[in-house]
Every structure is written in C-alpha cells, then in structure tokens.
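For reference, the structure is listed below as structure tokens.
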Amino acid sequence: MRPIQMVDTKSQYLKIKTAVDNAIHEVLDSAAYINGKPVQDFAVNLSNYLDTPFTIPCANGTDALQIAMMALGLEPGDEVITPSFTYIATTEVVALLKLTPVFVEVDPKTFCMDPASLRKAITRKTKAIVPVHLYGHAAPMEEIMQIAKEFGLSVIEDNAQAIGCDYTFSDGTRKKTGTIGTIGATSFYPSKNLGAFGDGGAIFTSDEGLAHKMKMIANHGQQKRYYHELVGCNSRLDSIQAAILNIKLKELDQYNAARQKVATFYNQAFSGNAKIITPHVASYSNHVYHQYTLVLEGVDRDGLNKYLAEHKIPSMIYYPVPGHKQEMFASFGLPKYDLAITDWLTERVISLPIHTEMDEEQLNYISGHVLNYVN
Ligand SMILES: *Cc1c(COP(=O)(O)O)cnc(C)c1O
C-alpha cells in the first residue's frame, strides 16, 4: 500500500507535471515575476469560473480577509461577528485591525454559523459578519444575507475551504460560495482544494467600487505608481503561482469530485454506526470536502487519533481550541461566552485523510482501523 498522507500534493503534481513545469519555465523566461500575464489571466479565469465580475489575486487567504475588512472602512471598536469554530485566520485579522471580534455558535450538523446565534449577537456596534464555509460546506448564506440586509451589515465570506462549492437559494438560483456576500476571500495554500505550490489568495466582489479599493489596498494604496491615496499593504500573488493555478483551476471540478468519491466511500463504511456521525450535507449546499470530519459519540477521540497514528494513518483535530478560548484574546476583555455546541465539537471532531489521490486499498485500511477502534 502507498503511504497514507493527510494531503498528497506530490502525486497530484506528477499528473500535471509537464504542463506545470512548462508554465513555470515560461514565467522564468519572461522575467515578469510580479504581476505578469499569468496573474492577470488567473484573475479573469477565476472570475469566469465563479461567475463573479471582480477577482483580485493577493498573497494569501489571511491577507484576503484583511484587505476585505480594510476596504469596508471598519474602525477600531467596530464589532465583527465570526464563528468561534474556525481556523484562527478568520478572527486574527479582526484583532489585528483593532476591531472587536464577536464569537457566535455553529450548527452542530454543518459546523457553520448558526443564524439564530448571529441575530442575537448583533449590537449597535456591529459592522460586519464573517461566515466561514467550513470543511467545504456552505454556511446558510440566504439567512445570513437576510439578517445582514435587515441590519445594514457587510458580509465577508471566508471561502478558504470551499472553493467550487455551490449554494442553492430557495428559489432555485445557484451561486458559488464566495460570490454571495459583499466580499468573498479565499486561499490557495497548497493543501486547499485549489492549492498553489506556495502561498496565494484572492478576493471577490460584484461591487466595482470595492473591487477598485481592494486592488489599491493590496498594492500600497496606490493606483498611480508612487501616489498613495490609501494606507494599504503589500499583498501580491506571484506570477509562478498564478501560472500553476491557471492549470489547476481547470482541474478543480475533477479534484472536488475525487474528494466527494472519497467521502462517499467513508460514508458507506461508517453508515449505521451509532458512535460515528458522518458529515451532513444540507439541502442548500453541496460539499467539496476540504476536510472529511467525523463527530464521535462515546469514543475516546484522542485515543483514536493515537491509535491511527500507530498504524501509520494520519488524522487531525480541526480545531482543538475554539477562537473564544485562544490565549491571544486573553487581553481583549472578551465577555464570558457560553458556546456549548462549539465546545462539544472541539472535543469530538476528528478529520480523516481526504484528497484527490487516494485509492481503495488506503480507504479500506483507514475505515477498517477506525471501526476496529470504535467498536
Ligand atoms: C486556510 C484558511 C485561511 C487562511 O489562508 P492562508 O492562505 O493560509 O492565509 C483562512 N480561513 C480559513 C477558514 C482557512 O482554512
């Protein structure tokens, strides 16, 4: 059996090696390492794929979130509502910009922002909502957008884990996640569903004014060279990364389908087991399985994690500490949060290997060992 990895970017690369190597050499020959043609092409290609008018490539997903928040003109003290059950980047940028993070609860089945909890958390200081499409499943955007509209709030979708995911509205219209809110942000970190061979990110919007502003912010606040109208930052996607992403974007739907196939295998293997809750897929979303995350009932989760490691099966706990309990916020004077579902999840979730290069032998081996331990 081939060794099992959480992600296998090497095998994935080998399948498109010639195209990727050629594209990299073209960039080397062109010497346009910064903002070369591949970067401009990628912005167009990604806009077309997502069916959204404006895409601004940037250096990484964390910057994408930061630039989005800067462009909305949020001021110190403004409250930004995010789920506590997410990767730290979502809330870190809120803190970095001296905004106030407000943590809300997630739905225990989809792991995404709970609209009722969101509604309760809104105050006169609330300015923005940052839903996260966690693990590759969409947050309930229709309800979130309704609440945002009611209170005049901006919505920044953290789409770092869900590129390619489809959201279906109650009237049947379909949109890609990341294109529904005021702004969408994503990451091309190598392990993401659309991964570069280094860091990368992008921001989406259908608002031309915001697009213009975000493009300037990502480039030192300038439109004309050396004339800086805004305080910005330096956040660029390299030409080499863009050249690679142009090739991988064409494969994205197939990549997501390969992940879905792995999930179907696991779902069948674990179906009917009372101690294992497999990922739920809401009627409004499909699932692109950035992670395949189980919730365990009455199982020593950390024991399973260790047992799998002993059998050369990696597994991960995303995330062991929720945002509202992170030490970095200790000095923020945050209120006492009671996020029971979030706490419950952090103690029970475990993510199994899922990527585009898995075979049945590996999947049998993994699911067999999970069942061995659980039963
Ligand atoms: C990966 C990720 C980010 C940050 O992306 P980087 O490119 O690593 O900066 C933000 N939010 C979520 C939910 C992520 O998974």
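The values are calculated or read from the model by the stated rules, or taken from the named source; none is laboratory data. Since this is a predicted model, take the numbers as computed values, not measurements. Don't worry about glycine lacking a Cβ; one is built from the backbone with ideal geometry, like all the others, and counts go over all protein chains shown. Accessible surface areas use protein heavy atoms only, side chains included; no ligands, DNA or RNA. Shrake-Rupley method; radii C 1.70, N 1.55, O 1.52, S 1.80 Å.
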Legend entry - Breaking point among (1) within 22 Å of Met214 (Cβ to Cβ); (2) within 14 Å of the ligand (Cβ to nearest atom); (3) open to solvent by less than 10 Å² (accessible area, probe 1.4 Å), for Gln161: (3)
Legend entry - Test result for Gln268, surrounded by fewer than 19 Cβ atoms within 10 Å (Cβ to Cβ) and either of a type outside the set (Asp, Glu) or closer than 29 Å to Ile366 by Cβ (or both): yes
Legend entry - Qualifying position, being more than 15 Å from the ligand (Cβ to nearest atom), open to solvent by 40 Å² or more (accessible area, probe 1.4 Å) and closer than 18 Å to Ser206 by Cβ, among Met145, Met141: Met145
Inset, instruction - Looking only at the stretch 255-265, count how many residues are under 30 Å from Ala43 (Cβ atoms), in contact (Cβ under 8 Å) with a residue 24 or more places away in the chain and either of a type outside the set (Gly, Ala, Ser) or open to solvent by 40 Å² or more (accessible area, probe 1.4 Å) (or both). - result: 4
Legend entry - Of all residues in the stretch 164-174 being of a type in the set (Gly, Ala, Ser) and touching a helix residue (DSSP H, G or I) at 6+ places or on another chain (Cβ under 9 Å), the one that is nearest to the ligand (Cβ to nearest atom): Gly164
Inset, instruction - Could you pull out the residue among Glu208, Glu229 that is among the acidic types (Asp, Glu) and under 17 Å from Leu46 (Cα atoms)? - result: Glu208
Inset, instruction - Determine which single condition Gly195 fails, assuming it passes every other condition in (1) closer than 18 Å to Gly164 by Cβ; (2) touching a strand residue (DSSP E or B) at 6+ places or on another chain (Cβ under 8 Å). - result: (2)
Legend entry - Which listed residue, of Ile313, Ile341, is within 29 Å of Ser11 (Cα to Cα) and surrounded by 12 or more Cβ atoms within 10 Å (Cβ to Cβ): Ile313
Inset, instruction - Would you mind stating whether Ala330 is among the small types (Gly, Ala, Ser), modelled with pLDDT under 95 and not assigned by TED's automatic domain parsing to the domain that holds Asn193? - result: yes
